[in-house]
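Enquirer: Would you mind keeping the following structure in view while I ask a few things?
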Amino acid sequence: MFQYHCLNPIASVGLDLFSDAYKKVDQIEEAEAVLVRSAAMHDMELPGRLAAVARAGAGVNNIPLDKCAEQGIVVFNTPGANANGVKELVIAAMLYASRDLMGGIEWCNENQNDENIAKTAEKQKKNFAGTEISGKKLGVIGLGAIGVLVANAATHLGMEVLGYDPYISVNAAWSLSRSVRHISNVEDIYRECDYITIHVPLLDSTRKMINAEAIALMKPTAIVLNFARDLLVDEEAMVDALAAGKLKKYVSDFPNPTTVGAKGCIVTPHLGASTAESEDNCAIMAVREVRDYMENGNIVHSVNFPDCSMGACMTAGRIGILHRNAKGMLSHFTTILGDAGINIDEMANKAKGDYAYALIDVDTAIGADVIEKLSATEGVLRVRKIK
Ligand code: MLT
């Protein structure tokens with residue numbers, strides 16, 4: 001029986017995919033797998049039996065990835081599962097940042113007792129007028145699942161779209177509309193665009209990437225949209241630029257004391273993926289990833305270990321070895337198996353940064369002594385006997 005724990009509410013349509021071999025537990029200490037949305041895990045003690053963490057969402061800045069890797073815990077995310085939800089909100093944000101829709105709605109509510117509201121509205125509406133997005137230039141920084149959807153949708157709304165992503169994946173490149181101009185210097189986006197939207201993960205290399213220098217290159221009429229993470233933007237510099245009239249608007253989905261209520265800032269309470277569809281998609285994908293890892297040892301969509309998949313095990317035994325990406329590891333494993341008289345039928349070994357994963361199918365049942373020897377090998381982080 002596998003035990004899992006949810007650190008946040010996870011959509012039942014996903015949890016229902018766990019078979020009878022899984023039991024939900026109330027304490028993380030009892031769990032082999034954890035499902036999480038935004039709960040902060042950095043200061044948590046991670047139990048020794050924990051093998052997998054699945055983030056129902058894309059961002060993983062609430063999870064200590066290296067600490068997990070060192071403890072042999074594979075962290076998964078669900079790329080693309082909530083991309084449409086976020087894309088729709090980004091499109092809405094461009095529209096509500098271009099006209100004072102909220103001001104107009106508020107005005108109507110405030111004047112609900114005015115019998116002549118229809119007439120008065122005609123006089124007042126100029127206060128809430130704005131511009132259209134068709135014909136304007138949109139710069140999309142980061143062309144992952146969300147960035148591509150935003151870029152493509154914007155082309156259908158008549159926008160001229162510039163896309164920037166030095167690390168674009170082959171899949172994303174295939175999905176990107178041919179109308180999107182792929183540019184290699186992000187400063188072209190800062191200089192040229194009327195709308196700039198950022199869709200990159202929060203990493204040390206991307207922290208505050210929209211800084212005072214970047215903002216200084218932007219047009220005073222530019223609108224910056226941030227539905228990725230607040231720390232990608234130097235928000236103090238952003239608020240200063242808005243106050244000085246050097247930028248038109250900053251739309252953020254991440255409320256904090258710097259931006260909420262500041263001139264030119266429109267802030268929503270992290271609603272990007274808060275749709276029934278996105279929550280369901282993320283939960284379904286997260287549970288499938290956990291099951292594939294627990295039952296088959298396959299890693300798909302991990303953020304701290306390489307993806308490595310061999311389907312279902314058709315031989316007598318399978319082991320998964322999480323290890324450091326160091327020289328000679330495989331020869332240690334094959335020697336230990338060979339010495340135990342175990343023949344390898346199929347094997348995959350993948351590396352990602354400092355960490356690697358070996359998945360090995362063998363023709364004989366694997367004994368506890370072999371697992372012990374493999375576990376004791378220097379550089380091995382965890383060995384799992386899958387079958
Ligand atoms: C994500 O990282 O997927 C989004 O910010 C949505 C979320 O955290 O739920």
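Enquirer: Step by step: first the residues of the range 225-253, then only those that are within 15 Å of the chain's Cα centre (by Cα) and in a loop (DSSP other than H, G, I, E, B), then the one that is surrounded by the fewest Cβ atoms within 10 Å (Cβ to Cβ). Which residue is that? Full working, then the answer.
Expert: Within the range 225-253, the subset within 15 Å of the chain's Cα centre (by Cα) is 226-232, 253.
From what's left, in a loop (DSSP other than H, G, I, E, B): 227-229, 253.
Details: PHE227: 23, ALA228: 28, ARG229: 20, ASP253: 23.
Only one residue fits best here, namely ARG229.
Enquirer: For the range 89-129, which positions are in contact (Cβ under 8 Å) with a residue 60 or more places away in the chain and surrounded by 14 or more Cβ atoms within 10 Å (Cβ to Cβ)?
Expert: Listed by number, the residues that qualify are LEU89, VAL90, ILE91, ALA93, MET94, TYR96, ALA97, SER98.
Enquirer: Next question, about the same structure. Under 17 Å from ARG384 (Cα atoms) and in the same structural domain as ALA58 (by TED's automatic domain parsing): is that true of MET347 in this structure? Before the answer, list the steps.
Expert: Working: under 17 Å from ARG384 (Cα atoms): yes; in the same structural domain as ALA58 (by TED's automatic domain parsing): no.
No: the conditions fail for MET347.
Enquirer: Within the range 216-231, which residues are out of contact with any strand residue (DSSP E or B) (no Cβ under 8 Å at 6 or more places or on another chain) and more than 16 Å from the ligand (Cβ to nearest atom)? Before you say what the answer is, go through the steps one by one.
Expert: First, pick out the residues of the range 216-231 that are out of contact with any strand residue (DSSP E or B) (no Cβ under 8 Å at 6 or more places or on another chain): 216-217, 219-221, 229, 231.
Within the range 216-231, ALA216, LEU217, LYS219, PRO220, THR221 qualify.
Enquirer: Return yes when ALA81 is among the aliphatic types (A, V, I, L, M), more than 29 Å from the chain's Cα centre (by Cα) and surrounded by 15 or more Cβ atoms within 10 Å (Cβ to Cβ) and no when it is not.
Expert: Numbers: among the aliphatic types (A, V, I, L, M): yes; more than 29 Å from the chain's Cα centre (by Cα): no; surrounded by 15 or more Cβ atoms within 10 Å (Cβ to Cβ): yes.
Spelling it out, it is not the case that ALA81 is among the aliphatic types (A, V, I, L, M), more than 29 Å from the chain's Cα centre (by Cα) and surrounded by 15 or more Cβ atoms within 10 Å (Cβ to Cβ).
Enquirer: Additional query: Can you tell me which residue among GLU279, GLU289, GLU295 is open to solvent by 50 Å² or more (accessible area, probe 1.4 Å), in the same structural domain as ALA31 (by TED's automatic domain parsing) and within 15 Å of the ligand (Cβ to nearest atom)? Write out each step before concluding.
Expert: Working: GLU289 fails: open to solvent by 50 Å² or more (accessible area, probe 1.4 Å); GLU295 fails: within 15 Å of the ligand (Cβ to nearest atom).
Answer to the selection: GLU279.
Enquirer: Right, next: Could you please let me know if ALA316 is within 16 Å of the ligand (Cβ to nearest atom) and open to solvent by less than 60 Å² (accessible area, probe 1.4 Å)? Lay out the reasoning, then the answer.
Expert: Values: within 16 Å of the ligand (Cβ to nearest atom): no; open to solvent by less than 60 Å² (accessible area, probe 1.4 Å): yes.
Taking the combined requirement at face value, the residue does not satisfy it.
Enquirer: Please indicate, with yes or no, whether at least one residue in the range 138-156 is farther than 16 Å from ALA83 by Cα, assigned to a loop (DSSP other than H, G, I, E, B) and in contact with a strand residue (DSSP E or B) (Cβ under 8 Å, 6 or more places away or on another chain). First the steps, then the outcome.
Expert: Quick first cut of the range 138-156, residues farther than 16 Å from ALA83 by Cα only: 138-139, 155-156.
Of the ones still in play, those that are also assigned to a loop (DSSP other than H, G, I, E, B) are none.
No; the residues of the range 138-156 include none that is farther than 16 Å from ALA83 by Cα, assigned to a loop (DSSP other than H, G, I, E, B) and in contact with a strand residue (DSSP E or B) (Cβ under 8 Å, 6 or more places away or on another chain).
Enquirer: Right, something else. For PRO306, which of the numbered conditions (1) loosely packed, with under 15 Cβ neighbours inside 10 Å; (2) more than 16 Å from the chain's Cα centre (by Cα) fails to hold?
Expert: The one condition PRO306 does not meet is (1).
Enquirer: Turning to a different aspect of this structure: For ALA52, indicate whether it is under 23 Å from ILE284 (Cα atoms) and either surrounded by 13 or more Cβ atoms within 10 Å (Cβ to Cβ) or among the hydroxyl-bearing types (Ser, Thr, Tyr) (or both).
Expert: Values: under 23 Å from ILE284 (Cα atoms): yes; either surrounded by 13 or more Cβ atoms within 10 Å (Cβ to Cβ) or among the hydroxyl-bearing types (Ser, Thr, Tyr) (or both): yes.
Answer is yes for this residue.
Enquirer: Output yes when any residue across the range 208-220 is crowded, with 22+ Cβ neighbours inside 10 Å and of a type in the set (Asp, Glu), and no when none is.
Expert: Within the range 208-220, not a single residue is crowded, with 22+ Cβ neighbours inside 10 Å and of a type in the set (Asp, Glu).
Enquirer: In addition: Any idea which of ASP234, ASP253 is of a type in the set (D, E, K, R), at pLDDT 95 or above and within 13 Å of the ligand (Cβ to nearest atom)? Even if it seems obvious, please write down each step before you answer.
Expert: Values: ASP234 fails: within 13 Å of the ligand (Cβ to nearest atom).
It is ASP253.
Enquirer: While we're looking at this one, here's another question. Please specify each residue of the range 26-49 satisfying the condition of being crowded, with 24+ Cβ neighbours inside 10 Å, touching a helix residue (DSSP H, G or I) at 6+ places or on another chain (Cβ under 9 Å) and not β-branched (Val, Ile, Thr).
Expert: ALA33, LEU35
Enquirer: Shifting gears a bit: Looking for something open to solvent by 50 Å² or more (accessible area, probe 1.4 Å) and touching a residue at least 60 places away in the same chain (Cβ under 8 Å) - is there at least one such residue anywhere in the range 153-168? I'd like the intermediate steps shown before the answer.
Expert: As a first pass, look at the range 153-168 and keep what is open to solvent by 50 Å² or more (accessible area, probe 1.4 Å): 156-157, 160, 166-167.
Then keep just the ones that are touching a residue at least 60 places away in the same chain (Cβ under 8 Å); that gives 157.
Scanning the range 153-168, I find at least one residue that is open to solvent by 50 Å² or more (accessible area, probe 1.4 Å) and touching a residue at least 60 places away in the same chain (Cβ under 8 Å), so the answer is yes.
Enquirer: Please identify the pairs in which a residue from the range 257-272 that is at positive phi has its Cβ atom under 7 Å from the Cβ atom of a residue that is within 16 Å of the ligand (Cβ to nearest atom), counting only partners at least 6 apart or on another chain.
Expert: Final answer for the pair search is HIS270/ASP253; HIS270/PHE254.
Enquirer: Tell me which strands (runs of 3 or more DSSP E) are completely within the range 1-115 and hold 2 or more residues being away from the ligand (no atom under 16 Å from the Cβ) and within 18 Å of ILE299 (Cβ to Cβ), or say none if there are none. Spell out how you get there, then give the answer.
Expert: Numbers: elements: 2-6, 22-24, 33-36, 52-55, 74-76.
Fully inside the range 1-115 and qualifying: 2-6.
Enquirer: A follow-up question, please. Specify which of the listed residues (LYS327, LYS387) is in contact with a Gly (Cβ under 7 Å, 6 or more places away or on another chain) and open to solvent by 60 Å² or more (accessible area, probe 1.4 Å).
Expert: Numbers: LYS327 fails: in contact with a Gly (Cβ under 7 Å, 6 or more places away or on another chain).
None of the others qualify; the one that does is LYS387.
The values are calculated or read from the model by the stated rules, or taken from the named source; none is laboratory data. Given the structure is predicted, the values throughout are model-derived calculations rather than measurements. Here the Cβ is made from the backbone with ideal geometry for all residues, glycine too, and neighbour counts use every protein chain on show. Note: accessible area is taken over every heavy atom of the protein model, side chains too, but ligands, DNA and RNA are not part of it. Shrake-Rupley method; radii C 1.70, N 1.55, O 1.52, S 1.80 Å.
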